[in-house]
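A.B. asks: Just dropping this structure here.
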Amino acid sequence: MPDTTTQPLVRVIAAKKDYPLGHRIVQALRGVTLDIASHSFVVMQGPSGSGKTTLLNLIGGIDQPTAGSVFVAGQDTSKLGDSELSRFRAQRLGFVFQNFNLIPVLSAAENIEYPLRLNKVPAPEARARALAMLASMGLSEEAHQRPAELSGGQCQRVAVGRALVTRPDLVIADEPTANLDSATGAKIIELMREMRDRLGTTFLISTHDPQVAALAERMLMMRDGLLCDA
Amino acid sequence: MTSWSLAFRNVWRNTRRSSATMIAIALSCAGLMLFGGYIYWAHLAAEIHTVVLSGHLQVFKSGFKAKGSGNPAAYALANYDEIKKLLLADPVLGPKIDLVTGQLMVNGIITSAEQQTSSTFAGVGAFPDEIERVIYWNPYGLTEARQIPANKHLFARKPELDAADPEGITIGEGLARLLEVSGDSRASLELTALTPAGGLPNMLSATVRQTSIRAMEEIDNHLVVMPITMANDLVFPGEPMHVTAVQLLLKHTEDLHTVEQRIDELAREHQLDIEHRSGWDLNPNHERSLNMLDMFFAFSFCIVGVVLVFTIYNTMMMSIVERTREIGAMRTMGVTRHGIVTMFLQESVVLGLFGGLAGVVTGLVAAWCINHSMILYTPPYFNVKAKLELMCLHSPMIIVGSFFSSFTVAMIGAYIPARHASRMEIAEALRH
C-alpha cells in the first residue's frame, strides 16, 4: 500500500473500464494514469462520452475499474468491501452533483447534517456543525427550508456544504454548474475555491463550463477514454 | 433527525399512494379481525352446543358406546349415586366440576291414541331440576338462539321438566309435528320401550308439557325429554334408579383432559366398569365443521397475504424507481446496502404500523356495527336462526394476531424491493 505521507491523494494507475452495451463492449476508459496532489483544485474537461464521469466514479469508489488500480488517500478502493467502501466514502470523500441530489424531505440543515449522522456524530454536534456550515455559505435563513423551496444556486450551495461538512480529503464534483446560470455557477466555483483555501480540501471537478475551467489550478483533458495533456 | 423521522417523511412524500397502501393494509387487517372474530364465535358456539347436547363429559358402563345405543337398558349403571359421590368427593375432580347429573336413554315408540299417530323416539330421562342447567349452559354470554325473536316461538317457554309434574314430558318440535300434537295441549301420549328383563315391552302414559328443540333437525324429530323417574319406570319397572350416562358439566372446558385422566385413575382404583366420552367425541360434526371453517380462514389468510404482499411490493417498487437517483446519492454519502434495506423496511414499518392500527380501529367499528345489526342466518345442520356475532374483542389474539399478520406481510412485501434498491449500482442509479 502506498505511503500516504509521500503519495498523492489520488493515484490512478492504468485504469480501464469496459461497459457491455448490447452485444458489444464499450471502452469508457482505456488506460488512464493520473496523480492528484492534496489540497489541489483540479478541473477535468472533455466532450460528452469522453470518460470524465467514469473516471470520477472510479476515484469516488462508486464503480470499479475493469483493469488497473485506483488509490485514494493511500487506499486501493477496489480492495474494499461494500461496507468498508461506504465507510470510506462517508469519511474521506464528498460528492457534488449536477442535479444537486438533495434529499427532498429534509431541510437544508438536515441535508447537511445527514452525512455527519452517518459518521455517528452526535445529533447536537451534527446540528451545530450543519448550521455553521450553512452560515459560512450565507444560507442561515434557509436552514429550515426544504430543497423544493430553494433556488438552484441555493440547492447547490447546500450540496457543497453537505459534501464538505465531514471534512473529507477529496470532493468530487460532476458538472456542478451545469444546471445553474453563469453568475450562480461562478459563485459556486468561488465558494469551492474558498472552501479549499479554508479547509484544505482537494477538489476534482468535471465540467464543460469554460468559466469553471478558467479557475482551475490544474486542468485535465479527457478524450476517447484517455487523458490528454491540457 | 433520526432514521425513523426520515422514514416517516418519506412515507408521506406521496400522500395518495401511501394512503392507498395503508388502506389496503387496514382493510386486510380488519378483514382478518372480522373473520377471526367470527371463527372465534363459531368455536365458542360449537363448544356451547356440544355441552348443551352432551355435557362436557359422559361416563357410561363399558361397552355402551359400542353396542348400547341399540339397547340402552342393557348397559345402564345401577350405581349412579356411588359414582356421583366419588366424583364430587375427589380432591382433583371436585373443584373442577360444576354439575354431575344422570341421564337414562330410552328408545321406543311414542303413540298418540287421539290422533292415531306414532313414531319412534329417542328419549332422555333427566333430573328436572338439573336439566335446565345443562341446556342453558352459556358461560360466554353468546346470544342464545332462544333470545332471537325469529326463534322465540320454537323454544320452551317454561322449564322442560318439573318435579311437580311427574307425568309431564317435553317433545321435539319435529316429533310434535309428526304426532300432530301441539305444545300447550297437554295431549296424552303413550310411550313404549323394551325392558332388559325378558325383552317384554313396557308402556307408560305421559302428558305433553310443551315442545322444544335442540336446534338440530335429526334430534328434534325424535326427541322426548322426560323425568328420569318416568324413564326408569318405563325401562326398569319396580327397580331402583338406573342411568345410562353420568353427565358432567365442568367449570372450565380446558380442564376436560385433566378430568378425563383422573376418571381413568378412579376407575382403576375403584375397579369401576365404566368408560367415558367427551361431548366432542359424542358430537364429532361440530369439530369437523370447525375444521372446515379453520381451513377457510387459513385459505382467506393466504389470499389476503398474497394480495397485500403484492400491494406493498408495488408501492415500494414505485417509490424506489422514483427515488433511484436519491438512493445513488445516499450511497455516495456512505449509506451501506444494509442501510438502504433498513431505510425501506422502516418505511414499511411506518406503513404497516399506521395501516395496522387503522385496521384494528376499522375492524372494531365494523364488528360493533355488525354485532348491533342483528344479521341472522341458519348455520349448516341447524334448524334455527343464529345471530352473526364477531367476537373480535373477546380474544386479544384476534386483534394482536391480525395486526401483526398484516404488519409482517407488509414487511415481507417491502423486503424484496428494499433489497433490490440496495443492490443498485451507484453509478447506474446516479445516471437514472
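A.B. asks: If I build a Gaussian network model for chain A, linking alpha-carbon pairs within less than 10 angstrom, which residue out of A:177, A:54, A:66 has the largest mean-square fluctuation?
C.D. replies: Looking only at A:177, A:54, A:66, the biggest GNM fluctuation is shown by A:66.
A.B. asks: Also: Residue by residue through B:46-59, how many Cβ atoms from other chains fall within 10 Å of the Cβ on average?
C.D. replies: 0
A.B. asks: With a ≥ b ≥ c the root eigenvalues of the C-alpha gyration tensor of the protein assembly as shown, is it rounded (a/c under 1.5), prolate (a/b larger than b/c) or oblate?
C.D. replies: It comes out prolate by the Cα gyration axes.
A.B. asks: Another one. Let me know the shape class of segment B:63-272, please: from the alpha-carbon gyration tensor, a ≥ b ≥ c as square roots of the eigenvalues, rounded when a/c is under 1.5, otherwise prolate if a/b is greater than b/c, or oblate.
C.D. replies: Here segment B:63-272 falls in the oblate category.
A.B. asks: Rg and Dmax of chain B over Cα atoms: what are they, in angstrom?
C.D. replies: According to the Cα coordinates of chain B, Rg and Dmax are 30.8, 102 Å.
A.B. asks: Using the structure shown, list the pairs from A:17/A:79; A:16/A:79; B:96/B:387; B:61/B:251; A:52/A:79 with a Cα-Cα distance above 26 Å, or answer none.
C.D. replies: Flagged as over cut-off: B:96/B:387.
A.B. asks: Which of the aspartates and glutamates could be linked to residue B:385 by a straight reach, that is with a Cα gap under 17 Å, when you skip same-chain ones fewer than 8 residues away?
C.D. replies: B:144, B:173, B:217, B:218, B:220
A.B. asks: Further, regarding this structure: For chain A, what is the mean residue ellipticity at 222 nm derived from helices alone (per DSSP H run of n ≥ 4: -39500 (n - 2.57); sum divided by total residues; nearest 500 deg cm²/dmol)?
C.D. replies: Helix-only estimate at 222 nm: -10500 deg cm²/dmol.
A.B. asks: In segment B:63-272, what % of DSSP beta bridges are antiparallel (nearest 5)?
C.D. replies: Taking every DSSP beta bridge within segment B:63-272, about 75 percent pair in antiparallel fashion.
A.B. asks: Continuing with this model, one more query. Quick check: Cα centre of segment B:335-393 to Cα centre of segment B:28-75, how many Å?
C.D. replies: Cα centroid of segment B:335-393 versus Cα centroid of segment B:28-75: 29 Å apart.
A.B. asks: Only helices at least 15 Å long along their axis, Cα-based, and averaging -1.0 or more on Kyte-Doolittle count here, so list those DSSP H runs from chain B.
C.D. replies: Membrane-span-like by this criterion, though nothing is claimed about a membrane: B:15-54, B:256-269, B:284-322, B:337-371, B:396-422.
A.B. asks: Let me ask you something else. Beyond 15 Å, what share of the Cα-Cα pairs of segment B:310-355 remains, rounded to the nearest whole percent? The partial results should precede the final answer.
C.D. replies: On the way: 494 of 1035 pairs.
Of all Cα-Cα pairs in segment B:310-355, 48 percent lie more than 15 Å apart.
A.B. asks: Counting DSSP beta bridges with both partners in the protein assembly as shown, what percentage is antiparallel, nearest 5? Could you put the intermediate results ahead of the total?
C.D. replies: Numbers: 61 of 88 bridges.
Around 70 percent of the beta bridges assigned by DSSP in the protein assembly as shown are antiparallel ones.
A.B. asks: Roughly how crowded by other chains is peptide A:82-90, in terms of the mean Cβ count from those chains within 10 Å of each of its Cβ atoms? All intermediate terms of the calculation are to be shown ahead of the outcome.
C.D. replies: Values: counts 6, 5, 1, 4, 12, 2, 1, 7, 5.
For this peptide, the per-residue mean of nearby foreign Cβ atoms is 5.
A.B. asks: Further, regarding this structure: Rounded if a/c is under 1.5, else prolate if a/b beats b/c, else oblate: with a ≥ b ≥ c from the C-alpha gyration tensor eigenvalues square-rooted, which is chain A? Can you show the working numbers first?
C.D. replies: Values: a/c = 1.72, a/b = 1.43, b/c = 1.21.
Taking the square roots of the gyration eigenvalues as a ≥ b ≥ c, chain A is prolate.
A.B. asks: For residue B:161, which sequence-distant residues (separation of 5 or more, or a different chain) have an amide H within less than 5 Å of its own amide H, given hydrogens modelled in the peptide plane?
C.D. replies: none
A.B. asks: Which of the listed residues, B:284, B:314, B:131, is farthest toward the dipole's positive end in the protein assembly as shown, when Lys, Arg count +1 and Asp, Glu count -1 at the beta-carbon?
C.D. replies: So the residue furthest toward the plus end is B:314.
A.B. asks: Next question, about the same structure. List the aspartates and glutamates whose Cα sits under 19 Å from the Cα of residue B:85, skipping any in the same chain fewer than 8 residues away.
C.D. replies: Output for residue B:85: B:98, B:129, B:130, B:260, B:264, B:265, B:269, B:273, B:275.
A.B. asks: Order A:86-96, B:127-137 from most to least packed using the mean count of other Cβ atoms within 10 Å. The partial results should precede the final answer.
C.D. replies: Values: A:86-96: 22.5, B:127-137: 17.4.
Descending packing order for the listed peptides: A:86-96, B:127-137.
A.B. asks: Looking only at B:27, B:44, B:266, which one moves most when chain B is put into a Gaussian network model with springs between Cα atoms under 10 Å?
C.D. replies: For chain B, modelled as a Gaussian network with Cα springs under 10 Å, the answer is B:266.
A.B. asks: Using a 10 angstrom cutoff on alpha carbons, build the Gaussian network for chain B and name the most mobile of B:387, B:158, B:65.
C.D. replies: B:158
A.B. asks: Can I ask one more? Nearest 500 deg cm²/dmol is fine: what mean residue ellipticity at 222 nm does chain B get from its DSSP H runs of n ≥ 4 alone, each adding -39,500 (n - 2.57), divided by its residue count?
C.D. replies: Values: 15 runs with 225 residues, N = 432.
Taken over chain B, the calculation gives -17000 deg cm²/dmol.
A.B. asks: Next question. Count, for each residue of A:56-64, the Cβ atoms from other chains sitting within 10 Å of its Cβ, then give me the mean as a whole number.
C.D. replies: Mean number of neighbouring Cβ atoms from other chains: 3.
Taken together, the values in this text are just the output of simple stated rules run on the coordinates, not laboratory data. Bear in mind the structure is a predicted one, so any value in this text is a computation, not a measurement. Ideal geometry is used to build each Cβ from the backbone, glycine not excepted, and the neighbour counts take in all protein chains shown.
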